[in-house]
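The structure appears right after this line, and notes come after that.
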Amino acid sequence: MRRRHCGPLAVQRAFHPEGDGAAHVYILHPPGGVAGGDVLDINCHLEPSARCVLTTPGATKFYRSEAGESVQRTRIDVGADAICENLPQETILFEGADASISTRVDLAENAAYAGWDFISLGRPAAGERFTSGRLRQRVEVFRDGKLIWFERVAFSHAPEVLDAPVFFAGRPIVGTMVYAGPALENTVTYIRDQLGTDAHGVFSVSQLERVIVCRYLGQRMSEGKALFLQAWSILRERGLMKKAIAPRIWAT
């Protein structure tokens, strides 16, 4: 094993809390925030049959920018029969931020992937909205070179997008989780039954042709995370056939 560090991103060590040896890897960004003109490139490669949970110790913050866009690009290559779970903490967009966020996942034969992202449009607890900023987000998942999931969001200086019922309906917390892998029959129905309808926000889960997608739209980051954590646990047990073990950094 070797480690090389360059720039602000770092991985200190991997943890192995699971019985199958899965590595829990924390991607650290000590500055904590992304300013105008910054570019963060994250490239992850899993060898065949590897098991990995990727996460971050804290939120990624995109600050107000007057010096061009702030960029974060993530590329994940998952080898044959490998499992990658990409579960970072939330992304917070400060008022006036100019954020460009992209994720591309390439899955080899029989590889499995679960990935989520949470975005806070502004800082609700501070009474700050995201009315004058710009967001461009792109997520792509390929299997054997063929696109199986694609989503793109782009808007700028458009407060009406935040309030319109067809878009965010005044709710600043947005979450999406994509699962591409094996799953027992009726897994989506099981998730719906287990999570119920008590959420103050909007939670949904859909079975598409080659992926399962969970959505959250609400007022509280803690609620969205709790719902996705339950859904992830079910997908693990009914798809990957192992119990969910949350990274211990989440408890600190």
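Here, each number is a calculation from the coordinates, and none is a lab measurement. All figures in this text were calculated on a predicted structure; none of them were measured in a lab. We place every Cβ from the backbone using ideal geometry, glycine too, and count neighbours over all the protein chains shown.
Rounded to whole numbers, the Karplus 3J(HN,Hα) couplings from phi for the stretch 17-22 are x, 9, x, 8, x, 4 Hz, using 6.51 cos²θ - 1.76 cosθ + 1.60 with θ = phi - 60°, and x at Gly and Pro. Contact order for the chain, expressed relative to its length and based on alpha carbon pairs under 8 Å spaced 6+ residues apart, stands at 13 percent. Working note: Cα atoms of the stretch 101-163, range along each principal axis, descending, whole Å: 46, 21, 16.
Remark on the stretch 107-252: hydrodynamic radius 16.6 angstrom, per the Kirkwood mean of 1/r across alpha carbon pairs.
On the principal axes of its alpha-carbon atoms, the chain has extents of 46, 46, 38 Å, going from largest to smallest.
When only the Cβ of Lys, Arg, Asp and Glu is charged (+1, +1, -1, -1), the dipole of the chain relative to its Cα centre reaches about 420 debye. In this entry, the stretch 1-85 is assigned a mean projected area of 6.2 nm², taken as a quarter of its C-alpha convex hull surface.
Report the percentage of all Cα-Cα pairs in the stretch 59-121 whose separation exceeds 17 Å, rounded to a whole percent. Value for the stretch 59-121: 49 percent of Cα pairs lie more than 17 Å apart. As a length-normalised measure over Cα pairs under 8 Å and 6 or more apart, the relative contact order of the stretch 95-177 settles at 35 percent. Normalised by the number of residues in the stretch 72-120, the average gap of Cα pairs under 8 Å and 6 or more apart makes the relative contact order 57 percent.
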